[in-house]
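What follows is a set of notes on a single structure, which appears directly below.
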Amino acid sequence: MNRIILILLPSFLLASETDILPRSINFVIFVIIMYYLIADKVKVIYNSRISSIQNRLITIEKDLDEAKKKKEDAIKRIEKANNEADEIVALAKLQAEKIGENILKDVESEISQLEKTHNEHKIFAERKAKLEVVDELLDEILKSNINLKQKELLDIIYKKVS
């Protein structure tokens, strides 16, 4: 109350002949009536605004927490995928080495088989050549009427074949 008097005191001193005093009193009464009529509604609106802001803040925090969890899950999945990729690469290298070793073994066995076959063909060709030489010699000897003993004939054939 003292404040109102202090506020209105200058208007009393300066306005001795005007209607400022009744207007000021009417204004104060108007403000008080408006306060009583509107104050509860303004408080309700203000409190509802505060609660809506709090609710939005809570939902934003929840969304932020969910986003953090999703980010952590994504990071874990990326790490797991990288580990699996490393394992797959290591496994592929091992398989490539094993396949290379198997191919090398197969090639070596094929080479040895080819050498063996070549040696057999070579022996066969030598025998065939010896038989042909012996046949030719025998044909020549038989066609010619040379009288040779068996030992001499064998020596001649042996010398020709070797």
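The values are calculated or read from the model by the stated rules, or taken from the named source; none is laboratory data. Just so it is clear, the model here is predicted, and its values are computed rather than measured. When we count neighbours, we look across all protein chains shown, and the Cβ atoms used for this are built from the backbone with ideal geometry, even at glycine.
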| query | Is it fair to say residue 45 is within 30 Å of residue 4 (Cα to Cα) and surrounded by 10 or more Cβ atoms within 10 Å (Cβ to Cβ)? | reply | yes
| query | Which condition number does residue 18 fail, the rest of (1) outside any helix (DSSP H, G or I); (2) in contact (Cβ under 8 Å) with a residue 24 or more places away in the chain being met? | reply | (2)
| Filtered residues of region 9-30 (kept if small (Gly, Ala, Ser), surrounded by 12 or more Cβ atoms within 10 Å (Cβ to Cβ) and modelled with pLDDT under 85) | 11, 15
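Yes or no, residue by residue, for (1) among the hydrophobic types (A, V, I, L, M, F, W, C); (2) over 23 Å from the mean Cα position of the chain (by Cα); (3) modelled with pLDDT of 95 or more:
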site: 74; (1), (2), (3): yes, no, yes
site: 123; (1), (2), (3): yes, yes, no
site: 127; (1), (2), (3): no, yes, no
site: 157; (1), (2), (3): yes, yes, no
| query | Exactly one of (1) closer than 30 Å to residue 158 by Cα; (2) free of Cβ contacts under 8 Å to residues at least 24 places away in the same chain is unmet by residue 92. Its number? | reply | (1)
| message | On the basis of being modelled with pLDDT of 95 or more, out of contact with any helix residue (DSSP H, G or I) (no Cβ under 6 Å at 6 or more places or on another chain), among the basic types (Lys, Arg) and farther than 25 Å from residue 157 by Cβ, does residue 116 make the cut? | response | no
